[in-house]
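A short reminder: the numbers here are calculations on the coordinates, not readings from a lab. Please read all numbers here as calculations on a predicted model, not as lab measurements. We place every Cβ from the backbone using ideal geometry, glycine too, and count neighbours over all the protein chains shown.
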Amino acid sequence: MIRKIRSFRQPSPAQVWATESSSVQITFGHASAGPITVTVGEKQRTVNHEGGPGSIVVDQLAAGTEHQIEFTSRDETVSLTAVTRQDPPGQLLSRFATISDLHIGARRWGALRTMTESGNPTPGHPYRLAHAAITEAIAWGAQLLVIKGDAANHEAPSMFAELGHLVDDFPDLPMLLIPGNHDVDEEATTLPLTVGDRQLPYIRKVGHHDLPGIRIVAADTTVPGRGWGSLTRVHSPILECSSEADRPTFIGLHQQLQPGRLPRQWPMGIPAPASNKFLDDLSSLRHSAMVSSGHTHRNRIRVHSETLVTEVASTKDWPGVWAGYAVHEGGISQTVRRVAAPDAIRWTEYSRQALLGIWEDWAAGSLEDRCISHQWSRDFETLLS
């Protein structure tokens, strides 16, 4: 059920939220009920909008091209510009997706935990957003899902049971699940070995899944009862798992790899000395890799030596996202899309008001912090031979 939520801020503007080589996602904080038309060159898409915030994806666009976009609703016409990315070189080999910081079982949001849904619906917004995100990722073409920690809001049996119901709704989708600090906030005394009837295991050290062109590695960096992370138990196993692969590696973690000795944002992640040593060792392997984390609830991208390092925001609150990865012979692309289901985007539009609205810009990052095409530094023909 969609509920009207009061707002003290102006709705977020119509904007280009995500780009790929052949598509753009346009999101908007409010439009009156009625038709909305998005025109991109000769492409035009019209939807009958029910009112409020929303999302429209326009596809079949030319790659590597600057597109002039016209967004027309009953309220306004907005002109936008988007540049579709170039795919990495070589053929498309596989696709997978990640979600993180689901916080299944949470009911409140914000610094003072005063932001709630009207009527306290069941299931709550964390479950509904996660379910919608997975559904959208499958429609996009994901062949695997990585859940990068904080799947449960607290280490509570009821929340793990709800998480089990979520993963059971997608029995045909392979998944990798790692804990985050919220999953082990009671010092891992009740963390289950598996969740759901499908018995999806919580990876407690390092696990992996191979897709064409990529090995996806998921590693547990939690310190039970603490918010920060550690690579002590998994540094060598990750490198070993990566070095054994005959293809590039994607490494999913919960806590972020901090670039500097002093933490520049909250929450604290994995301290810089251990993070940089790990990235240096990873770069010394014979093939390419990228690393992606959650934990910070924000979108950011950087490159360490030859390794792409990203942080992807929470699925359950502003901006409410999932990340899709398209693996090519010569590289990988990351696309972070907002969850588009109507009741999901209504909640995330409201939840952007946290921290007196500071959260809106802090968590979202720029388009360049969300979407990128990254070319492997090593010769992909050598890797595939």
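Sort region 197-339 into rounded, prolate or oblate with this rule: let a ≥ b ≥ c be the square roots of the eigenvalues of the Cα gyration tensor; rounded if a/c is under 1.5, and if a/c is not under 1.5, prolate when a/b is larger than b/c, oblate otherwise. Rounded shape, in that the Cα axes give a/c under 1.5.
For region 10-117, GluC sites (Glu not before Pro) are listed when DSSP marks them as loop and at most 15 other Cβ atoms sit within 10 Å of their Cβ; the list is Glu42, Glu50, Glu76. Restricting region 276-385 to trypsin sites (Lys or Arg not before Pro) that sit in a DSSP loop and have at most 11 other Cβ atoms within 10 Å of their own Cβ leaves Arg286.
Mind checking region 16-119 for trypsin sites (Lys or Arg not before Pro) that DSSP puts in a loop (not H, G, I, E or B) and that have at most 12 other Cβ atoms within 10 Å? All intermediate terms of the calculation are to be shown ahead of the outcome.
Numbers: sites: Lys43, Arg45, Arg74, Arg85, Arg95, Arg107, Arg108, Arg113; in loops: Arg74, Arg85, Arg107, Arg108, Arg113.
Within region 16-119, the qualifying trypsin sites (Lys or Arg not before Pro) (loop, at most 12 other Cβ atoms within 10 Å) are Arg74, Arg108, Arg113.
In the chain, taking the dipole from charged Cβ atoms about the Cα centre, the farthest positive-side position among Ile216, Gly164, Ala151 is held by Ala151. Using Cβ point charges alone (K and R +1, D and E -1), the dipole size of the chain about the Cα centre works out to roughly 840 debye. Toward the positive end of the charge dipole of the chain, with +1 on the Cβ of Lys and Arg and -1 on the Cβ of Asp and Glu, the farthest Cα among Pro13, Leu173, Thr194 is that of Pro13.
As a proxy for reagent exposure, ranking His165, His209 by other Cβ atoms within 10 Å from fewest up yields His165, His209. Of Thr37, Tyr325, Ala63, whose Cα points farthest to the positive end of the dipole of the chain (charges on the beta-carbon: +1 Lys, Arg; -1 Asp, Glu; origin at the Cα centre)? Final value for the positive-end residue is Thr37.
Can you sort Trp266, Trp376 so the residue with the fewest Cβ neighbours within 10 Å comes first?
On the way: Trp266 8, Trp376 25.
Listed from fewest to most nearby Cβ atoms, that is Trp266, Trp376.
Here region 15-83 yields Rg over Rh of 0.95, to two decimals, using C-alpha coordinates and the Kirkwood radius.
Each part reduced to its alpha carbon centroid, region 21-72 and region 127-203 end up 32 Å apart. Under the convention that each Lys and Arg Cβ holds +1 and each Asp and Glu Cβ holds -1, the size of the dipole of region 15-83 around its Cα centre is about 80 debye. At q = 0.10, 0.13, 0.14 Å⁻¹, what log₁₀ I(q)/I(0) does a Debye calculation on the Cα points of the chain give, no solvent, two decimals? Each listed q corresponds, in turn, to -0.61, -1.06, -1.23. Ranked by how many other Cβ atoms sit within 10 Å of their own Cβ, fewest first, the residues Glu186, Glu349, Glu155 fall in the order Glu186, Glu155, Glu349. Mean separation of Cα pairs under 8 Å and 6 or more residues apart, divided by the residue count, gives region 92-384 a relative contact order of 19 percent.
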